[in-house]
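Scroll down for the structure; my scribbles are underneath it.
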Amino acid sequence: MSKITIRSFADLQHYEGTEIGVSDYHTITQEQINLFADATLDHQWIHLDAERAATESPFKSTIAHGYLTVSLLPYLWGQIISIENLKMQVNYEIESLRFNQAVAVNSALRLRVKLLSAKDLRGVIKARLEVTMEIEGSKKPAFTGIITFLYHFN
């Protein structure tokens, strides 16, 4: 599916109730996990100690922080949609989020998005999205949820 371009509320509203698209895959590296650990001060061994994880973890390798996978939402969403004529996009809400499966180091993730609704709140567009973070080669996603972005168009 190719990237769609949105220039207005009416353009976005056209996709209400439909799957908008799927991003490319992004591989989670140990370096990315380490940097996220430093940024969030979460240095739990299941994320950082490959030797210990190989022997003591049920995953047999280090795993990405759940919030690292969530933090990829805006980046991967930007691969699916291009929103033009925009002053600002704001992360507004995570209505629900369920972590379904750990993401092992060197796993490839992609985002699948359905637009649940788009509402005009006096010039600010509230877009509710059903998101699924898929793991390449796995039937079970890393997470599923409903998130909301606010779009301030020019």
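The values are calculated or read from the model by the stated rules, or taken from the named source; none is laboratory data. Remember, predicted model here, so these are calculated numbers, not experimental data. Every residue, glycine among them, receives a Cβ derived from its backbone with ideal geometry; neighbour counts consider all protein chains shown. For accessibility, only protein heavy atoms count, side chains too; no ligands or nucleic acids. Shrake-Rupley method; radii C 1.70, N 1.55, O 1.52, S 1.80 Å.
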**Prompt:** Can you tell me which residue in segment 1-33 is nearest to Lys119 (Cα to Cα), limited to those that are outside any loop (DSSP other than H, G, I, E, B) and open to solvent by 60 Å² or more (accessible area, probe 1.4 Å)?
**Reply:** Gln13
**Prompt:** Taking segment 36-81 on its own, how many of its residues are in a helix (DSSP H, G or I), buried (at least 20 other Cβ atoms within 10 Å of the Cβ) and hydroxyl-bearing (Ser, Thr, Tyr)?
**Reply:** 1
